[in-house]
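Read the structure below first, then the notes.
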Amino acid sequence: MVTPNKLKQLFSDEASVISREFLYLGKTATVLCLDTVSSKDNINLFIVKPMLDAQAKPAASQGTANSGKGSGKGERGKQGSGESGKGQNSESSSIMEHLKNSVILQTELALESDLQELKKALLMGDAVLFVEGEPDALVVDNKEWAVRGIAEPPTAAVLKGPREGFNENLKDNISLIRRKIKSEKLVVERAVVGRYTNTNVAVMYIDGIADKQIVKDVMRRINEMDIDGILDSAYITKYLETSRYSLFKQVGNTEKPDVAAGKMLEGRICIFVDGSPIALTVPFIMLEDLQSPSDYFTKNSRATMIRGLRILAVFMALYLPAIYVSLVEHHTHVIKFRFLLTIMNASANLPLSPKHEILVVVLFFEILHESALRMPRHIGMAVSVVGALVLGETAVRAGMLSTPAVMIAALSGIALYNVPDAEGTFSTIRILFVIIAGALGFYGLIIGSMMLLVYLATFESYSVPYLAPFSPMVLHDMKDAVLKSNPDELTERPYSIPTKNRQRVAP
Amino acid sequence: MNKATQKSTNSISTDVISARQIFFVLAVGCTVKLFMLPSLLAGGAFRDIWASVLLLLALEGVLFGLFVVAFRRAGHFNIQQMFSARFGAVGGIVAKIIYGALAFYFIIKVTLLLSEQYYFLDQVIYRNFNYFATFIPFLVLGVYMASKGLRAIARSADILFFAIAAGVVAMLTLSVVRVNIINFLPIFASGASNIVKVALDNHIYFGSSLVLFMLLGAFKDKAKPYSTNFGYATLRKEILTDMDSPTEATPVFSERKNDKEKKKQSKRVVKYTGFGLLASGLVVFVFSLLFVNLFGGTGYTQHNAIAQTVKYSLPLQFIGGLSWFPLLLVHLGALFYIAVLFYCAVHSATFVFETRNLSLFAVGVGAVIFIIPLVAGTTFASVYAFYYSLRFVLFGIKVVAPLAVAGVALSFSASRISGSRESASKASASKAGENANKSGENAKTDSEILLGGGS
């Protein structure tokens, strides 16, 4: 038989377990909840008061509760590892049943007799009601987490379009998705991960659109996770990636419900982690990093142009420093004579070779970037000014760096931030390209580029080619790749993403 | 997808290429013929190099015809399976000899073309370049690409083709100057025998059809997986067929396709491969005309022709070094095509030794290619001289191997394009068909179908 004391003793810090005792029908009733994650007001409002009121009513109106079929367990929604079935007493107490069916004013209620499950419920923020002498306890939904409100995500600001963003509360996030996709086919599969954190994870997809094998694979990976704690969705990313040591990410992410819903409508699967505002999406293709939600809220021609510019920006970011190094170190005869003179004058008497110079400037920019991320806003401005002055002006005047090198590195850096989600990867690759170009020039750059292309061309995320729809070429998907078409022209879901339900718009 | 499923998918998916992709690969093959070939031809044919080019294209056409015969009759087999199906163990040995000869052919071809690129880099792109700096990086690329399988080549072609094509078109456009008919005259002044001799002396530059023979059994094609007509009959057909037993992402002659589908898809493959060779040949022919137009009888001195022809371009006098970028794209195309040939050499070698360890053989083949110039001489002239001493042997391989394959293929019945049902059981390696069945049983969605394999 479960008792409040037995449950309290499971906690190392018993003081954080708040207890409210009162009399009900001559027996001691105890409500336990965990401080700071459970609503004390709701306990009084929805548990204590109704019970005391019910107690005060004539005995006839209380009656004996139905013995019931014991439907309690299923109402709490799916758990990733199946329902909690341990220790269920099929002959539930009539008092607890009566309380559950007729007295307690809450939506999610469940009878439970397993101490471990009761402990989990307390940790989740639920309240647990004990009545003296009863074998079961009643778990009452009573969560009140301190969460951030729904606001515009800082990483995905748009000029037009929805400004909602996910927050750290899993329920809020699921609610935001449900508001976008009001369909009975929307499935939420749950799991609890983390030995100490017991973090709730929700896998959402649209039944009939998402590929079942991918769903199974994702659930298997999540359920097989054996880790102390999950503090953010980034922890799960590592387990979802098919190639762990690749530079390229294989799991998409977004903070916007409209983006997540859009991806689910294309056949992807969304993974939410309680405590993280970032939703993960699989399968992932590189094209997703080259698109922006704002593309769908501007005119097609403008969106197409912007997408093309992004691709150009990626090439600039990757190749500009390497091409500069190649030209200046190995292929000076390619440069027009007057421009060559300018470069030579700027580079004369410098302590570093062009290759090392570019690497130093790129390194400075990376340090500046990291500093800017960590600075408080009011100091960040000063850092920007100092960085620009130090790197741009003073270093050149002091003869440490040349103007072309600073300009090239700055252009490359600005181009890099056109694709913020892939900034880290491309930054690493551009440094590799600079090293290769410094050693072998254009030929090395071509060979390096081909190797990168071969790698990416054979790289897959959940069996979806990473470079789709460019390689392999899927002409149908080009309508929404670089080109931006009208929604009514996108009659079928992208062929790049596995789904058996291809039709999007009625013919 | 769990590892077991993924493995079975990958076992077929790495060894297939679609019609579109092979078109891209073949079309890009024109780039290797734009460097030394014009000056080599001009050494014997002078102003009539265009005639030598036409002759070589005709030879290419004959080889392509042999390929079409082989593909139509027994395209579901690779060479080994074809010979084994007809002649049993003896056929298997003969197939190995053919593969060995082809491996030798491709190794020499890659060595020569790579030396040519080294010469180009040394003379044009760099002020001075290094043999090791040319060969080693390329061989690393070649080994890496070959180890990834045909899929790497196929998918890379999808992206590279457009850039390379733009480079080729740009270079041709920049090379166009005022047409000077005088430089073409007199026609056939060098004599028919010289035209033929110099063409046959440089036959190694042509022969892309041999690549097609290496790809027998690996072609796949796809039709649109689902009809947008959701009438009952279509839907029922799709439920009963496409959803459970997909017809795409499988070899063209998959058992699950009916004869009509196979015929349609094999026609598509033939069409695209033909167009690829045609496109490549057209570019080479047009370039040869431009070359003669510019240099007349002095063409034999114009090494690295593609870099020489643009020097006289009027636009460049105003724009400046604009030609470098398209020139590098052409060079990229050449390197890509040489990597394809490298893969063919590795592929052939693995069949000789009956292994599918592409990585190991890629390293081995790479080592051979690296050593040949060290022995023969690292300059292009030395490597060319080495090739020249073997030109008859290589020509024999180029002609005899396709003839043999086409001859054996003719023994397969024309009415039984679905001959895979009978022959698969006899073939010594029926893994391609079994793998196709396995991947179908995994009830792939149409994106897997569409995207699985080389496509």
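The values are calculated or read from the model by the stated rules, or taken from the named source; none is laboratory data. Just so we're clear, the structure is a prediction, and the values are computed from it rather than from any experiment. We place every Cβ from the backbone using ideal geometry, glycine too, and count neighbours over all the protein chains shown.
For residues in the stretch A:196-208 being out of contact with any Cys (no Cβ under 8 Å at 6 or more places or on another chain) and farther than 15 Å from A:Ala121 by Cα, which is surrounded by the most Cβ atoms within 10 Å (Cβ to Cβ)?
The qualifying residue surrounded by the most Cβ atoms within 10 Å (Cβ to Cβ) is A:Val201.
Quick one: what pairs do we get from the stretch A:47-59, first residue under 15 Å from A:Leu138 (Cα atoms), second modelled with pLDDT of 80 or more and hydroxyl-bearing (Ser, Thr, Tyr), C-beta under 7 Å, 6+ apart or different chains? Correct list of pairs: A:Met51/A:Tyr24. Among the residues of the stretch A:305-361, those that are modelled with pLDDT of 85 or more and among the aromatic types (Phe, Trp, Tyr) comprise A:Phe315, A:Tyr319, A:Tyr324.
Scanning the stretch A:144-178 for residues that are of a type in the set (S, T, N, Q) and either at pLDDT below 80 or at positive phi (or both) yields a total of 1. Screening B:Phe132 on (1) in contact (Cβ under 8 Å) with a residue 12 or more places away in the chain; (2) farther than 23 Å from B:Ser52 by Cβ; (3) hydrophobic (A, V, I, L, M, F, W, C); (4) within 14 Å of another protein chain (Cβ to nearest Cβ) shows it passes everything except condition (1). In summary, helices (runs of 4 or more DSSP H) completely within the stretch A:253-365 and bearing 3 or more residues that are surrounded by fewer than 17 Cβ atoms within 10 Å (Cβ to Cβ) occur at A:300-329, A:337-347. Number of residues in the stretch A:133-157 that are farther than 21 Å from A:Asp172 by Cβ, of a type outside the set (Gly, Ala, Ser) and surrounded by fewer than 17 Cβ atoms within 10 Å (Cβ to Cβ) equals 1. The residue of the stretch A:207-252 that is nearest to A:Gly275 (Cα to Cα), among those that are within 13 Å of the chain's Cα centre (by Cα) and not in a loop (DSSP other than H, G, I, E, B), is A:Ser233. Which of the residues that make up the stretch B:337-356 are at pLDDT 95 or above and over 14 Å from B:Gly149 (Cα atoms)? Answer for the stretch B:337-356, where residues must be at pLDDT 95 or above and over 14 Å from B:Gly149 (Cα atoms): B:Tyr337, B:Ile338. Could you please find all residues in the stretch B:44-84 being under 25 Å from B:Lys96 (Cβ atoms), buried (at least 24 other Cβ atoms within 10 Å of the Cβ) and of a type in the set (Val, Ile, Thr)? The answer is B:Ile79, and nothing else.
Each row is one residue, and each column tells you yes or no for (1) under 22 Å from A:Glu393 (Cα atoms); (2) more than 14 Å from chain B (Cβ to nearest Cβ).
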position	(1), (2)
A:His330	no, no
A:His333	no, no
A:Phe337	no, no
A:Met344	yes, yes
A:Ser347	yes, yes
A:Val360	yes, yes
A:Phe364	yes, yes
A:Ser371	yes, yes
A:Met375	no, yes
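Look through A:Ile436, A:Ile447 and report the one residue that is in contact (Cβ under 8 Å) with a residue 24 or more places away in the chain, assigned to a helix (DSSP H, G or I), surrounded by 20 or more Cβ atoms within 10 Å (Cβ to Cβ) and among the aliphatic types (A, V, I, L, M). After applying the criteria, what remains is A:Ile436.
If a residue has to be more than 9 Å from every other protein chain (Cβ to nearest Cβ), more than 21 Å from B:Phe24 (Cα to Cα) and not acidic (Asp, Glu) to count, how many in the stretch A:460-480 make the cut? Counting residues in the stretch A:460-480 that are more than 9 Å from every other protein chain (Cβ to nearest Cβ), more than 21 Å from B:Phe24 (Cα to Cα) and not acidic (Asp, Glu) gives 2. Within the stretch A:434-459, the set of residues being among the β-branched types (Val, Ile, Thr) and at the interface with chain B (Cβ under 8 Å from one of its Cβ atoms) comprises A:Ile446, A:Ile447, A:Val454, A:Thr458. Scanning the stretch A:105-116 for residues that are among the β-branched types (Val, Ile, Thr) and closer than 17 Å to A:Glu132 by Cα yields no hits at all. Run B:Ile159 past the list (1) within 14 Å of chain A (Cβ to nearest Cβ); (2) closer than 20 Å to B:Ala305 by Cβ and report the number of the one that doesn't hold. Among (1) within 14 Å of chain A (Cβ to nearest Cβ); (2) closer than 20 Å to B:Ala305 by Cβ, the lone unmet condition for B:Ile159 is (2). Report yes if B:Arg416 is modelled with pLDDT under 50, more than 14 Å from every other protein chain (Cβ to nearest Cβ) and assigned to a loop (DSSP other than H, G, I, E, B), otherwise no. So B:Arg416 fits the description; yes.
Determine whether A:Leu483 is within 29 Å of the chain's Cα centre (by Cα) and more than 8 Å from chain B (Cβ to nearest Cβ). So A:Leu483 passes the test. Against the numbered list (1) under 14 Å from the mean Cα position of the chain (by Cα); (2) more than 10 Å from chain A (Cβ to nearest Cβ); (3) over 13 Å from B:Pro373 (Cα atoms); (4) of a type in the set (Val, Ile, Thr), B:Ile153 comes up short only at (2).
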